[in-house]
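Report on one structure; see the data block that follows.
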Amino acid sequence: MRYGEKEIAQAKLERWENPEKDREYTIELSYPEFTCLCPRSGYPDFATIKVIYVPNQWIVELKSIKLYLNSFRNKYISHEEAANRIYSDLYQLLQPRSLEVVADFNPRGNLHTVIRISSCNKKSDYE
């Protein structure tokens, strides 16, 4: 196993203390190289994952989220499950003031899928 594969296999989201707890600001992350595998066909699915959040006490460490998102590349997982898992894992880790995850999947079979999960919706659905 190469060192990058080993890092991805051991990927774990990490949080850091927010250096500006008293200021409300938005962090936007875009990961245009997300891949996972269709649970039915095994074909690869490609997406851009966007994470938009207003931190509270914690921020996500950037290398850890990159490795975490890379860990999906060999998983058989639906678009909906992948987006919801990313949202839930980040929400649980960070407990942000607000969080939105957008999974914008590339068209396959002439169908374009976008999944948007937001803490602006009913919070109880995601906690």
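The values are calculated or read from the model by the stated rules, or taken from the named source; none is laboratory data. Keep in mind it's a predicted model, so treat the numbers as computed, not measured. Glycine gets a Cβ as well: all are built from the backbone with ideal geometry, and neighbour counts include every protein chain shown.
Numbers for the structure displayed
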{"read-out": "Any hit, the range 115-122, residues being more than 20 Å from Leu13 (Cα to Cα) and modelled with pLDDT of 95 or more", "value": "yes"}
{"read-out": "Residues (surrounded by 11 or more Cβ atoms within 10 Å (Cβ to Cβ) and within 21 Å of the chain's Cα centre (by Cα)) located in the range 13-24", "value": "Leu13, Glu14, Arg15, Trp16, Asn18"}
{"read-out": "Test for Leu99: is it within 29 Å of Tyr3 (Cβ to Cβ) and hydrophobic (A, V, I, L, M, F, W, C)", "value": "no"}
{"read-out": "Residue, farthest from Glu33 (Cα to Cα), within the range 57-74, restricted to residues that are without any contact (Cβ under 8 Å) to a residue 60 or more places away in the chain and either in a loop (DSSP other than H, G, I, E, B) or touching a Gly at 6+ places or on another chain (Cβ under 9 Å) (or both)", "value": "Gln57"}
{"read-out": "Boolean, Ser71 is modelled with pLDDT of 95 or more, under 14 Å from the mean Cα position of the chain (by Cα), within 17 Å of Lys12 (Cβ to Cβ) and surrounded by fewer than 19 Cβ atoms within 10 Å (Cβ to Cβ)", "value": "yes"}
{"read-out": "Matching residues in the range 29-43 - criterion: being free of Cβ contacts under 8 Å to residues at least 24 places away in the same chain, farther than 17 Å from Leu13 by Cα and either part of a helix (DSSP H, G or I) or in contact with a strand residue (DSSP E or B) (Cβ under 6 Å, 6 or more places away or on another chain) (or both)", "value": "Pro32"}
